[in-house]
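The values are calculated or read from the model by the stated rules, or taken from the named source; none is laboratory data. It should be emphasised that the depicted structure is a prediction, and the values quoted were computed from it without experimental measurement. Counting neighbours? That spans all protein chains shown, and the Cβs are built from the backbone with ideal geometry, glycine included.
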């Protein structure tokens, strides 16, 4: 029996590796297209480019590993069916459950690994990737200035006629930071650089004028010329220390860290709910008085406090749902590996397909439906329409039922589906087969 188990695992291993490489490469190509403009515009060096793609790999693997398992299951069991090996196994008294056992166990082990991967490796690489992308975006700050348009940056509006690499020409800056009358600065050319460790920007301007109106005496208008002038633009950098920004989003945290945040939010919700009860009691007491004795200003004050507290609870509950969705997603996607074996193996046996094209098409369709349902569930959970648990696990539950049903009818040797014949009938029906 061990020989049979090794044989089944061997049949699944090669398609799994090939599928993983292909699907990961396809998703990396999509990443390249997204980053191509950034790479060209920011003149990123080779080390930075490799680092960005390297740090993007774990996020891609979190998706491609379950998909590769699905594709490998369809291909391997499809080949066993095409070569009539399944008939040979059945004639020896070996049923489908026995053939599925090693693959399901292997998929379960991969699921446990994915739980660790999604909680330990993925959050850290996502955090490092975010910091690197921020640094890359601010690598050449001048590229953020679009020539021929007014670029608003906090208390500044910057207009340039032309940008050549990192140098700006025909510069006009409106500074509204310290005065009710905007200070107007014009310069023939200049450049924008990072300052203060990336926490600020500074504009170095050449051959220009500074126009400003006196606040105390608006009739007085000052014009001064300069050969070189440095304008500091505070709080316009990327606010990072040497290690990077410390802030972490939900996809940069482990399940335990997010659960701590959820618990903290729930405690705050409880405190605010107690405060709301107290405010509502105050409102009831005020309203219980005779009409002429009601303090309207006090009543309005309590209603304003009540609205603020209710808005705060709404925000906190939204945070709780967001983190709970991400917690369940880490586990749901991990255990999809087992579910995709239950889906892929019977599909491969019933469709009798071992070709890469057909297998890839079927697996892509199944995965798109699964991931689409997952994304829709996430949106519904974020809006509070469904619970985070149901939103993330409903796809697994439904696909598990479908997978078990497919396995059962495969065991009962019910009528199989020939995708080639189905495709020929569809082409004939649509008129593609008419000469």
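Filter the range 35-47 down to residues that are in a helix (DSSP H, G or I) and surrounded by 11 or more Cβ atoms within 10 Å (Cβ to Cβ) and give me whichever is modelled with the highest pLDDT.
Ranking the candidates gives 35 first.
Within the range 133-141, can one find any residue that is in a helix (DSSP H, G or I), modelled with pLDDT of 75 or more, within 30 Å of residue 68 (Cβ to Cβ) and out of contact with any helix residue (DSSP H, G or I) (no Cβ under 9 Å at 6 or more places or on another chain)?
Narrowing the range 133-141 to residues in a helix (DSSP H, G or I): 133-137, 141.
Still in the running and modelled with pLDDT of 75 or more: 133.
Now drop any that are not within 30 Å of residue 68 (Cβ to Cβ), which leaves 133.
So of that shortlist, the ones also out of contact with any helix residue (DSSP H, G or I) (no Cβ under 9 Å at 6 or more places or on another chain) come out as none.
No, that holds for no residue.
Residue-by-condition table, conditions (1) assigned to a helix (DSSP H, G or I); (2) under 30 Å from residue 181 (Cβ atoms); (3) outside the structural domain of residue 174 (by TED's automatic domain parsing); (4) modelled with pLDDT of 80 or more:
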site: 98; (1), (2), (3), (4): yes, no, yes, yes
site: 106; (1), (2), (3), (4): yes, no, yes, yes
site: 112; (1), (2), (3), (4): yes, no, yes, yes
site: 121; (1), (2), (3), (4): yes, no, yes, yes
site: 129; (1), (2), (3), (4): yes, no, yes, yes
site: 152; (1), (2), (3), (4): no, yes, no, no
site: 158; (1), (2), (3), (4): no, yes, no, yes
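Among the residues of the range 67-90, is any assigned by TED's automatic domain parsing to the domain that holds residue 340, part of a helix (DSSP H, G or I), within 21 Å of the chain's Cα centre (by Cα) and crowded, with 23+ Cβ neighbours inside 10 Å?
The initial filter retains those residues of the range 67-90 that are assigned by TED's automatic domain parsing to the domain that holds residue 340, namely 67-90.
Now narrow it down to the ones that are part of a helix (DSSP H, G or I): 67-82, 85-90.
Narrowing further to those that are within 21 Å of the chain's Cα centre (by Cα): 67-68.
Next, from what is left, pick out any that are crowded, with 23+ Cβ neighbours inside 10 Å: 67-68.
Yes; the residues of the range 67-90 include at least one that is assigned by TED's automatic domain parsing to the domain that holds residue 340, part of a helix (DSSP H, G or I), within 21 Å of the chain's Cα centre (by Cα) and crowded, with 23+ Cβ neighbours inside 10 Å.
Would you be able to say whether some residue in the range 257-275 is assigned to a loop (DSSP other than H, G, I, E, B), modelled with pLDDT of 90 or more and surrounded by 15 or more Cβ atoms within 10 Å (Cβ to Cβ)?
Initial filter on the range 257-275 (assigned to a loop (DSSP other than H, G, I, E, B)): none.
No: the range 257-275 contains no residue that is assigned to a loop (DSSP other than H, G, I, E, B), modelled with pLDDT of 90 or more and surrounded by 15 or more Cβ atoms within 10 Å (Cβ to Cβ).
Taking the options 54, 93, name whichever one is surrounded by fewer than 19 Cβ atoms within 10 Å (Cβ to Cβ), assigned by TED's automatic domain parsing to the domain that holds residue 120, on the phi > 0 side of the Ramachandran plot and without any contact (Cβ under 8 Å) to a residue 40 or more places away in the chain.
93
Residue by residue, here is whether (1) without any contact (Cβ under 8 Å) to a residue 60 or more places away in the chain; (2) more than 21 Å from the chain's Cα centre (by Cα) holds:
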residue	(1), (2)
303	yes, yes
307	yes, yes
331	no, no
334	no, no
344	no, yes
347	no, yes
350	no, yes
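For the range 389-418, which positions are buried (at least 18 other Cβ atoms within 10 Å of the Cβ) and modelled with pLDDT under 85?
410
Being under 38 Å from the mean Cα position of the chain (by Cα) and farther than 30 Å from residue 256 by Cβ is the filter; apply it to the range 97-117 and report the residue that is surrounded by the fewest Cβ atoms within 10 Å (Cβ to Cβ).
Taking the range 97-117 and keeping what is under 38 Å from the mean Cα position of the chain (by Cα), we get 97, 99-117.
Imposing the further condition that a residue be farther than 30 Å from residue 256 by Cβ reduces the set to 97, 99-103.
Working: 97: 12, 99: 23, 100: 22, 101: 14, 102: 20, 103: 25.
Ranking the qualifying residues of the range 97-117, first place goes to 97.
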